[in-house]
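Beneath this line is the structure, given in C-alpha cells, with notes to follow.
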Amino acid sequence: MFKHKFFPIVLLVAVLAINVLRFLYLEHAPYGMIFDEETSGVTLQCLVEKGVAPLTDQKYPLFGDVGIGNPKPPTYMYPGMLWVKAFGFSPYSLRAFTVFFFSLALIGLFAIGWQLRGWRCGLWIMSAATISPWTWTISRVGQEPSFLLAYLIWGIFVTLRARQYWQFILAGILFAAAAYSYPPARMVVPVCILLLSLYGIRHLNWRKHWGFVIAATFVMACIPMLLSLMSDPSQIVRWKYVSITKPEYLEFVGKTGSLRDLISIAWHNILLHATPEYLFFKGLPDWGVGTWHQGILSWIGVTAMILGILWLIETIVFRKRNVSAATVSWAGLLAVCIFVGILPCAFTIMEYANVGNNMRSLCAWPFAMIAIGMIMHKVTQRWSWTWVPTILGVVIFAVVFLKQYFFIYPKEGALFFRAPSLEMAKDAKTDKQWLEVLYYHREDQFASRYFLMYYHKDDCIQARNIYKSLRPMFQQMAEENK
C-alpha cells in the first residue's frame, strides 16, 4: 500500500517542480526576442490601448494582420488582452502568457488520462508531456501556435465525458477554437472529431447523432474564420508561399506539379518525422522550437515507443494476449491522429532539409503524449519494480535537458532571438541612442514599435507615427551609406 501511493507522489512532486521551472528565467532562456514575439506584444497592447489592429484602425478585428506570416487569431488576442491588462506586455509577461496556456494543456492531459484509466495514468501522461523536448522551447516563446493545444486537449476531454447536449456543443466550440488558433489544426481537427465520434458510438454508448452535434457546432463556429480566409488575400498568399505546389520550390527540388511528384514530396516530408536524428538526437535545427542537442522524444518517450512496438508485435502478430476491443480502438485512434497530425507538414515546404517540423506537427503531440503516458502507466502497473527506474529516468533526463536548456541554449541561440537588438533598446536613454535603435530597425516596424511602446513609453498610435515619419529619412540615409 505504501509503494502504491509513494512512487506516484514522488513522480507528481518531480513533475510539479519541473513545471515551476517552466515559468522561471523567461527573459534569459531564450535570450532576446524574435519577430513573432514583437508582433504579439504590439498587437495585444494596441488592442488594450485603442482596440485596434496593429496595421490598421479596424476595431477589434477577428484576426490581427501583421503583414507577414499567420495573422494573430482571436483565440490568442482576446485572452491576451486580459493578460496584458493584468500583467503588462513585457517580454517576460508575453512568454508567461504562453506558459500559462501550455500549463492548461498539461492539466487537460492529466484529466484525459484520469478519465481513461485513472489518476495514475493521467500523471504519467502529464509527466511525458512535461519533459517533452518537442514542445519545451515552444511553450516558453511569446507566440500563438501552441495555444491550439489547450483548446484541442480540453475538447478531447469534454468529448470523452460528454453525455448531454451542452457538453457536445462545448466540445465543438473548443475544437473550433483550436482551428482558429493555428492553421494546421484546420486540417487535423475534423478528422479527430470523426474518429472520436466513431469511438464514442462504439464504446461510450453515444447516440448516433451526438457526433453530428459536435461537428455541426464546429462548422458553425468556424464560419466567420472561413469567410475571413476567403476574403483576406494575405492568407491566400501565405498558403501559396508555404505550399509544396510553389513553382520555385518544385524547380529547386527537381520536381513537377504532377500528382505523382506531389505525393512523392508529401510522403518524403512525412518520413522526415521518423528519422533518428529528428526523434532522438537533434530535433529540428531551429532555435525557436528546439535546442539542437536533443531529439523531440525524451528517454521516457523512446522507452514507450519501443514497448509500444513490442506490444503491437505481441498482440497482432503472435496473438499471445487477449486485448479488449475498446483498447484496440483507442490505440488505433491515437495512431491515426498522430499520423494525421503530421499531415500539415506533408503539404508544406520544410524549411530545413531532411528533418521534420515541431511546430506544424503540433496537433500530433497530444495524441503522442497520451500514448506514451498510457504505455508507461501499464508498465508500472504490471511490474511494480519499474517505478524506481522510470522515475529516475524522468528526473535524470529533466536535469540533463534543462541544464543544457538554461545554460547553453541561451548563448547558442542569442543571435537567432536577436539579442543584440533587444539590448540596444534596453540600453537606449538619449534621443541619439533611440535614433540609432530606430535606424537599426528601419525595415522592421514591429521591432521599432514594440521597443518604442515598452521601453520609450509611447502609446500604440504614437509608436506607429514615429516609425512612419522616420522611415523615409532612414531609407535615404541607408542608400547614401551604401
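Under 5 Å between amide hydrogens, built in the peptide plane, is the criterion, and for G64 it picks out K72 among residues at least 5 positions away or on other chains. Listed by Cβ neighbour count within 10 Å, with the fewest neighbours leading, S93, S243, S139 appear as S243, S93, S139. Of the residues T245, T315, the one with the fewest other Cβ atoms within 10 Å heads the list, and the complete ranking is T245, T315. Across region 15-73, Cα pairs under 8 Å and at least six residues apart give a relative contact order of 18 percent.
Residue-wise HN-Hα couplings along region 425-431, as the Karplus relation 6.51 cos²θ - 1.76 cosθ + 1.60 with θ = phi - 60° gives them from phi, are 5, 5, 8, 5, 10, 8, 4 Hz; Gly and Pro carry x. Proximity of backbone amide H atoms, modeled 1.01 Å from N, is registered between T348 and I244 at under 5 Å, excluding neighbours fewer than 5 places apart on the same chain. Of interest is the spacing of the C-alpha centroids, which for region 257-273 and region 341-358 amounts to 10 Å. Cα centroids of region 19-76 and region 397-431: 19 Å apart.
A convex hull fitted around the alpha carbon atoms of region 415-462 yields 72 Å³ per residue.
Stokes-Einstein diffusion coefficient for the chain at 25 °C in a medium of 0.890 mPa s, Rh from the Kirkwood formula over Cα pairs: what value in µm²/s? Here the translational diffusion coefficient equals 103 µm²/s.
Based on every Cα atom in region 396-482, Rg and the maximum pairwise Cα distance Dmax equal 16.9, 57 Å.
Each Cα pair under 8 Å and six or more residues apart adds its sequence gap; the mean of these over the residue count of region 241-375 is a relative contact order of 30 percent.
With contacts taken as Cα pairs under 8 Å at a separation of at least 6 residues, the chain carries a relative contact order of 20 percent.
Put simply, the amide H of V141, placed in the peptide plane, has no neighbours under 5 Å, leaving out anything fewer than 5 places away on its chain. Near P91, once Lys and Arg are set to +1 and Asp and Glu to -1 for all other residues with Cβ below 10 Å from its Cβ, the sum equals -1.
None of the figures in this text is laboratory data; all of them are computed from the coordinates on show. Remember, it's a predicted structure, so these values are computed and weren't measured experimentally. Positions of Cβ are backbone-derived with ideal geometry, glycine not excepted, and every protein chain shown enters the neighbour counts.
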